[in-house]
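Input: a single structure, listed below in structure tokens.
The values are calculated or read from the model by the stated rules, or taken from the named source; none is laboratory data. Only a predicted model underlies this, so the values are computations on that prediction, with no experimental measurement involved. Please note: Cβ atoms are built from the backbone with ideal geometry, for glycine as well, and neighbour counts cover all protein chains shown.
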Amino acid sequence: MDALADDVGVIVPTLLILVGLVGIVVPVLPGLLLILGGVLLWAGMDGSATAWIVFAVSVLLAAAGFALQYLVPGRRMRQAGVANSTLVLAVVIAIVWAFPVYWMINSSFLTPLTISGLTPTFVPFGGTLQNYREVTTETPFFEALTMSLMVVVVALVVCIAFATLAAFAISRFRFRGRRTFVLAIILVQMLPAEAMFIAQYKMISGFGLLNSLAGISIIYVAMVVPFTIWMLRGFVAGVPIELEEAAMVDGCTRLGAFRRITFPLIVPGLVASGVFAFIQVWNEFALASVLLTDDDAQTLPLWLRDIAQQSNLGAPEWGQIMAGSVLVAVPVIIFFMIVQGRMAQGLVGGAVKG
């Protein structure tokens, strides 16, 4: 009987919470109240009378909310309820999505003893910066940061330059092998990266470029160029060719028309493509672990792996791992803050014509 009571005490509040989540989609108040009731009942599984009373009140209020939603006439009220429900649902989804990020930041300020405790700490009151001091002073953080920044800059500059010209060529010119080239771009994206590790390693090793900026940059450029070409192709094709023809009638060369007319119009597309390329290069781990084996030539993902592998009596230092993860994420956040305006335009601009 005790086991059955425990099962009921877990299943009932869980079902109530699920019903409340579903209820959010149409009636806001009933869904939220059912969630509240389920959580409180779950917290009071020991038979607390207060939890049962609060749950009973929330059920009554939820029933009243359902009645108001469905029994009170008026189309405007129903539309407002749906709009509010959608807003609440979006907020709930955003909170669920953002919670792991918050937990990473929160844990980075906690001491190892607090992190390993049985009671979770949701707000780092009395936190410490010791984790950040240790990962920046006792590990080669700045060397790895410098390496990552150099790799990203080199890969982005070369990739954007090459992809822009290639996208312009396949969008504006009709040449022999054009369809084959476009098809090859698509097929390259379908190949698993792991299938080319051995060939890439032998090629870079043969050139004597292992553990070097040039070697890893060549591979990263080859990795992101196909997708960047395919993405920029839509932006270039979305610019009317008549604009370039008008510029050439006024005396511009083909290159001058591209530089003065087409290029400024595809800047949002360049930003959007650059963001995707930046994320791929910044977070790439597998290729870097194969081509960069020296401790002096590590990118930030490899540096973070080394922190995770360091242990004290077999227990990972989760505070340092979380602090390292925050430091890896900060440049990405700064980059997004700089380009977010252009990126919003670029994400939809390439859908005009492909």
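Touching a Lys or Arg at 6+ places or on another chain (Cβ under 8 Å), on the phi < 0 side of the Ramachandran plot and in a helix (DSSP H, G or I): which single residue out of ALA184, ALA199, ALA167, ALA195 fits that description? Even if it seems obvious, please write down each step before you answer.
On the way: ALA184 fails: touching a Lys or Arg at 6+ places or on another chain (Cβ under 8 Å); ALA199 fails: touching a Lys or Arg at 6+ places or on another chain (Cβ under 8 Å); ALA195 fails: touching a Lys or Arg at 6+ places or on another chain (Cβ under 8 Å).
Being touching a Lys or Arg at 6+ places or on another chain (Cβ under 8 Å), on the phi < 0 side of the Ramachandran plot and in a helix (DSSP H, G or I) holds for just one of ALA184, ALA199, ALA167, ALA195, which is ALA167.
For the range 97-152, which positions are among the charged types (D, E, K, R) and more than 30 Å from VAL221 (Cα to Cα)?
Initially, the range 97-152 is screened for residues among the charged types (D, E, K, R), giving 133-134, 138, 143.
Those that are among the charged types (D, E, K, R) and more than 30 Å from VAL221 (Cα to Cα): ARG133, GLU134, GLU138.
Quick one: how many residues across the range 202-214 are closer than 20 Å to SER148 by Cα and part of a helix (DSSP H, G or I)?
Going through the range 202-214 one residue at a time, the tally reaches 3.
Output the residues belonging to the range 245-262 that are without any contact (Cβ under 8 Å) to a residue 40 or more places away in the chain and of a type outside the set (Gly, Ala, Ser). Steps first, answer last, please.
Applying the first criterion (without any contact (Cβ under 8 Å) to a residue 40 or more places away in the chain) to the range 245-262 yields 245-257, 259-261.
Within the range 245-262, GLU245, MET248, VAL249, ASP250, CYS252, THR253, ARG254, LEU255, ARG259, ARG260, ILE261 meet the criteria.
Please work out which residue is modelled with the highest pLDDT, limiting yourself to the range 126-156 and to residues that are of a type outside the set (Asp, Glu) and assigned to a loop (DSSP other than H, G, I, E, B). Walk me through how you get there before you give the answer.
Just the residues of the range 126-156 that are of a type outside the set (Asp, Glu), to begin with: 126-133, 135-137, 139-142, 144-156.
Filter once more, so that each one left must be assigned to a loop (DSSP other than H, G, I, E, B): 126-129, 139-140.
Details: GLY126: 73, GLY127: 76, THR128: 83, LEU129: 86, THR139: 87, PRO140: 90.
Here the answer is PRO140.
For ARG176, all conditions in the list (1) in a loop (DSSP other than H, G, I, E, B); (2) under 19 Å from ALA277 (Cα atoms) hold save one; what is the number of the exception?
Going through (1) in a loop (DSSP other than H, G, I, E, B); (2) under 19 Å from ALA277 (Cα atoms) one by one, ARG176 breaks only (2).
(1) buried (at least 16 other Cβ atoms within 10 Å of the Cβ); (2) not in a helix (DSSP H, G or I): which one isn't true of VAL123, the others all being true?
Failing condition for VAL123: (1).
Restricting the range 263-306 to residues that are farther than 21 Å from CYS159 by Cα and without any contact (Cβ under 8 Å) to a residue 24 or more places away in the chain, which is farthest from the chain's Cα centre (by Cα)?
SER289
For the range 215-244, what are the residues that are farther than 30 Å from MET150 by Cα, free of Cβ contacts under 8 Å to residues at least 24 places away in the same chain and among the aliphatic types (A, V, I, L, M)?
Correct list: LEU243 only.
List pairs: first residue in the range 185-210 and closer than 24 Å to MET231 by Cα, second residue of a type in the set (Phe, Trp, Tyr) anywhere in the structure, Cβ distance under 8 angstrom, at least six positions apart or on different chains.
Every condition considered, the pairs that remain are ILE185/TRP230; ILE186/TRP230; GLN189/PHE227; GLN189/TRP230.
Suppose the filter is assigned by TED's automatic domain parsing to the domain that holds MET231 and within 28 Å of VAL326 (Cα to Cα); does VAL182 pass it?
Values: assigned by TED's automatic domain parsing to the domain that holds MET231: yes; within 28 Å of VAL326 (Cα to Cα): no.
Considered against the rule, which asks whether it is assigned by TED's automatic domain parsing to the domain that holds MET231 and within 28 Å of VAL326 (Cα to Cα), VAL182 comes out as no.
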